Amino acid sequence: MRRLLARRMKFHLLGAFVVSLGCATLYKFVVAEPRKRAYAAFYKNYDPMKDFEAMKAAGVLECAPPK
C-alpha cells in the first residue's frame, strides 16, 4: 500500500488532462467554429443603415423618432 496515492494521482492527473483537452477540442469544433461561420455569413451582406432605417420606422429608437 506504499505510494498508492502517488501512483493513483499520476493516473488521475493524466486522465483529467486528456479529458479536458478533449472537451476543449470538442467545444472548438462543435460550438466555436460554426458560430464564427454564422457571424461571418450574417455580416457578409449586413447593411447597418438599412437596419437603422427599419428600427427608426418601427419607432424603436428614442433618439430618431419615426416620420
key: Sole exception among (1) open to solvent by 100 Å² or more (accessible area, probe 1.4 Å); (2) modelled with pLDDT of 95 or more for Ala41, by number   = (1)
task = Could you check how many residues of segment 44-56 are open to solvent by 80 Å² or more (accessible area, probe 1.4 Å) and hydrophobic (A, V, I, L, M, F, W, C)?
result = 1
ask   = Any idea how many residues of segment 46-67 are assigned to a loop (DSSP other than H, G, I, E, B), at pLDDT below 95 and at negative phi?
value = 8
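The values are calculated or read from the model by the stated rules, or taken from the named source; none is laboratory data. What you see is a predicted model, and the numbers here were worked out from it, not measured in a lab. The accessibility values were calculated without ligands, DNA or RNA, using every heavy atom of the protein model including side chains. Shrake-Rupley method; radii C 1.70, N 1.55, O 1.52, S 1.80 Å.
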